[in-house]
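Notes for the one structure printed next.
The numbers here are math on the coordinates, done by the rules we state, and not lab data. Being a predicted model, the structure only gives us computed values, none of them experimental. Glycine also receives a Cβ, built like all others from the backbone with ideal geometry; neighbour counts cover every protein chain displayed.
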Amino acid sequence: MTQHSGSGPLDGIVVADFSRVLAGPYATMMLADLGATVIKVEAPRGDDTRYFTPPSREGVSTYYLSVNRNKYSIVLDLCDPEDLETAYQILDRADVFVENFKPGSLGKFGLAPKDVAARWPEMIHASITGFGMEGGAELPGYDLLVQALSGLMHVTGSADGPPQRAGVAIFDVITGMHATIGILGALQERHVSGRGQRIVLDLLSSAQSALVNQTTGNVACGNEPMRMGNEHPSLYPYGPFGASDRDIIICIGNDTQFTRFCEQLGMPEVAEDERYRTVDARNRNRASLKELIEERLGTKTAAEWFAAFRAVKIACAPIFTVGEGVDFAEGLGLHPVVKIKDGDDEVPLIKSPIRYSRSAINYRKAPPRLGADNQSVREWLGQTAPRVSAQVEA
């Protein structure tokens, strides 16, 4: 194991990752991508996502692969005194401690928040839960529960259909991003003050923040949003419309764009019609406007309209599969796939969306097999000294 130096903005930062499943591992992967040394501490059975199949690649869950690159895996049973001591030794050398244990459950290992603050006063301690540390502490932190309880499912789906979940564990991902932002802010504050602090995050709070206009509309003026299928509550046309072969997404954000859209469709007079001239008018007359739009769109394929609209900077898109989306990004020169060496193999993953002008995102290590770095982490512990504060507190 090598503590990294010189290849990313977080070089020299050590992260003790005691998290599992998605929110925490997503956050620690982002930190690892930025150059931090991340030690993934796993129970003997390993992270649950190792067993989330299908799909899998070479017998490894792609769910696990998606959030665990650039990390070192060590297996520790915290109920075993020797393993617990090894966990302490890792924390003695860490700048950041990330965990998503059930509230109160770390106390039996001497890792309650007060214990962490006392022994490691410079530590950034990020705790992630589903529903907070108090009233919702007993609720399991599954993303789908949060989608239901936050209101996301209530506003997702067809107007005359049942509530729908998002196609990905969206609030786990958003909470992981919030955790990363919180950790970076705490590291900067520590740079100034020399003190660590605890960061507390929960999926439900992240969800309510991420629902932006929907939750704000409710708390600010009592609006209770409902499902509208693929339509936007405040803009029209904004959603899927039928071309000759399949739907195409049209996004019109203002009156000027609507005028240009109508001109491209060959019906400029519609933009001057009082029923459609303004955003408010278009919202009130959606049905008749949809009929006019689809009559024209039906004369060409979605691909033909996509090319025509792109040429005049009208926001539009065919509805792709995930694979088609990856291919499209590649065609734009975004090169979304990175291949990371894993012995004689190469593991293809979706790369970080962050691009720096001077620093580099370094894809140095494939997602580790369970316990793959047991020996190298222990060797590293023997070769490095604890932080001064940890040594004194111990």
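Some observations on this one:
- Only helical runs count toward this figure. For the chain, summing -39,500 (n - 2.57) over DSSP H runs of n ≥ 4 and dividing by all residues gives -11000 deg cm²/dmol at 222 nm.
- Degrees, to the nearest 10: 81-92 long Cα axis against longest axis of the chain: 70 degrees
- Long-range amide H partners of residue 142 with built H, under 5 Å: none
- Of the residues 196, 157, 253, the one that moves most in a GNM of the chain with alpha-carbon contacts below 10 Å is 253.
- Remark: for residue pairs 108/365; 40/102; 313/339; 40/114, the C-alpha separation exceeds 26 Å in 108/365; 313/339.
- Degrees, to the nearest 10: 286-297 long Cα axis against longest axis of the chain: 80 degrees
- For the chain, DSSP calls about 40 percent of its internal beta bridges antiparallel.
- Near the amide H of residue 93, within less than 5 Å, lie the amide hydrogens of 387, all on another chain or at least 5 residues away, with H placed in the peptide plane.
- Distant-in-sequence amide contacts of residue 20, defined by a placed amide H-H separation under 5 Å and a gap of 5 or more residues or a different chain, comprise 100.
- Nearest-20 debye value, the chain charge dipole, Cβ charges on Lys, Arg, Asp, Glu: 560 debye
- 0 to 90° range, to nearest 10: angle between helix 255-265 axis and the chain longest Cα axis: 60 degrees
- By average C-beta atoms within 10 angstrom, highest first, the peptides 200-211, 332-343: 200-211, 332-343
- The chain: relative contact order as a whole-number percent, Cα under 8 Å and 6+ apart: 20 percent
- For the stretch 17-37 versus the stretch 68-138, the spacing of their alpha-carbon centroids is 14 Å.
- Under DSSP loop assignment and at most 12 Cβ neighbours within 10 Å, longest GluC sites (Glu not before Pro)-free interval of the chain: 139-273
- Cβ crowding within 10 Å, taken as a proxy for footprinting-reagent exposure, orders 373, 115, 17 from fewest neighbours to most as 115, 373, 17.
- The loop-placed trypsin sites (Lys or Arg not before Pro) in the stretch 199-287, going by DSSP, that have at most 14 neighbouring Cβ atoms within 10 Å of their Cβ come out as 246, 275.
- The residues 320, 97, when put in order of fewest to most other Cβ atoms within 10 Å, stand as 320, 97.
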